[in-house]
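**Q** Here you go, one structure.
The values are calculated or read from the model by the stated rules, or taken from the named source; none is laboratory data. None of the values given here were measured: they were computed from a predicted structure. Glycine also receives a Cβ, built like all others from the backbone with ideal geometry; neighbour counts cover every protein chain displayed. Quick note on the areas: whole protein, heavy atoms, side chains included, nothing else; ligands and nucleic acids left out. Shrake-Rupley method; radii C 1.70, N 1.55, O 1.52, S 1.80 Å.
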Amino acid sequence: MRRRDLMIRLGLIAGGVGGAWWLRDHVLWKAPGVGFAADGSSGWLDYAERRAVTPTVVVTVNGVGVRALVDSGAQYSVIDRSLVQTLGLTDVFNIPMVAYGVGGEPQVGRGTALDVAVGRLRLDGLRAAILDLGPLAGEQGLGAPLILGQDVLRELVLELDTTGRRMRFLKREVWAPTPDLAPVAVSRAGKALQAGITVEGATVEAVIDTGASALLAVTRETAQAAGLLDGRERRPGRSIVLGGTVRAETVTVRALTFGDELYRKAEVAIYDDVPMPGFPKALIGMGAFEDRRLVMDIGGPRLFMSRPMEITVGR
């Protein structure tokens with residue numbers, strides 16, 4: 001498989017039980033301090049791994065350059081255990097949450113606070129779960145031992161230029177859509193954005209996941225309900241997920257519609273069902289935004305995507 005085909009899902013952080021969610025969101029996982037330059041922008045930043053469709057960027061963590069994945073599917077930011085040791089971080093605390101990847105294997109993590117610079121953007125006191133990211137943090141994946149999740153993206157606007165493989169972060173108050181951008185109908189799925197996507201006539205609600213490469217990835221249950229397990233060819237492979245790799249399959253669908261775009265003979269990834277309430281049944285990944293501009297405002301909630309290029313042939 002090509003490198004981009006490996007990244008179907010990189011992990012999800014799930015809250016603990018009982019009333020721990022309030023403590024988690026308001027005390028242990030309070031929002032980071034966000035500081036912009038005078039123009040309200042981080043400036044344009046190149047993808048750190050330009051061969052991959054998933055957005056990565058070099059950031060500075062406590063004064064050290066680190067590659068980070070910008071993952072709108074991760075509920076919270078995450079730092080690999082090995083990077084904690086490398087940075088010599090000692091401000092570590094227990095957190096009432098468990099982390100699950102697509103493989104369904106849980107990790108009980110601890111947390112730490114980081115000061116992160118992303119271009120001209122500063123994230124002060126960013127809380128990050130300390131977990132074993134496995135191959136994701138190494139050369140098998142993206143070489144990214146840090147994930148910037150929804151806790152960061154809720155505080156700002158993310159713009160991705162997938163053609164130029166670059167990104168920027170913007171202050172919500174200074175950003176406005178340009179004429180080439182069309183709104184995509186979205187709603188909230190917990191704290192993520194979700195949108196409807198039609199697969200051979202079946203409509204599926206899917207989370208917008210910049211940490212996934214496939215145009216669409218679905219659970220086996222969702223694939224069955226959408227008629228994708230009807231005897232068509234299934235191609236086996238493996239996917240890098242939180243802490244390791246899992247089996248995955250790919251099928252080809254005749255037609256898939258997302259926003260104003262129709263995709264013919266599109267590939268859909270299928271992963272095993274995850275036995276956890278609230279885990280997404282479907283994910284819309286970066287394959288849906290190739291050669292487009294994507295603007296995501298999770299706190300809005302808003303999503304914009306550039307229209308396909310129209311070519312006029314003169315006489």
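**Q** For a quick protection proxy, order the peptides 142-149, 280-287, 63-70 by their average other-Cβ count within 10 Å, most packed first. Provide the component values of the computation, followed by the final result.
**A** Values: 142-149: 26.4, 280-287: 24.1, 63-70: 18.6.
Top of the packing list down: 142-149, 280-287, 63-70.
**Q** For the range 181-306, report the accessible area per residue in Å² (1.4 Å probe, heavy atoms, rounded to an integer). Mind showing how you got there, number by number?
**A** Working: 5080 Å² over 126 residues.
That works out to 40 Å² for each residue.
**Q** When the accessible area of the range 54-192 is split by element with a 1.4 Å probe, what percent falls to carbon and sulfur? Working shown, then result.
**A** Values: 2560 of 5240 Å².
Summing carbon and sulfur atoms, their accessible area is 49 percent of the total for the range 54-192.
**Q** Still on this structure: Suppose every Lys and Arg Cβ carries +1 and every Asp and Glu Cβ carries -1, with no other charges. What dipole size does the range 181-306 come out with about its Cα centre, to the nearest 20 debye?
**A** Values: 15 positive and 15 negative charges, 24 e Å.
Roughly 120 debye for the range 181-306.
**Q** Hey, if you put +1 on the Cβ of every Lys and Arg and -1 on every Asp and Glu Cβ in the range 31-170, which of Ala117, Thr163, Thr86 ends up farthest toward the positive end of that dipole?
**A** Thr163
**Q** Another question about this same structure. Please calculate how many Å² of accessible area the range 31-170 carries per residue, with a 1.4 Å probe and no DNA, RNA or ligand atoms counted.
**A** Details: 4910 Å² over 140 residues.
Value for the range 31-170: 35 Å² per residue.
**Q** Follow-up question, since we're still on this one. Rounded to whole Å and sorted largest first, what semi-axes of the equivalent ellipsoid does the C-alpha gyration tensor of the range 181-306 yield via the square root of 5 times each eigenvalue?
**A** On the way: eigenvalues 102, 60, 37 Å².
After scaling each eigenvalue by five and taking roots: 23, 17, 14 Å.
**Q** Let me ask another. If the cut-off is a Cα-Cα distance under 23 Å, which lysines reach Lys171, setting aside same-chain residues fewer than 8 apart in sequence?
**A** The reachable lysines, counting only those whose Cα sits under 23 Å from Lys171, are Lys30, Lys191.
**Q** Farthest toward the dipole's positive end in the range 181-306, which of Pro301, Ala206, Phe289, given Cβ charges of +1 (Lys, Arg) and -1 (Asp, Glu) about the Cα centre?
**A** Most positive-ward Cα: Phe289.
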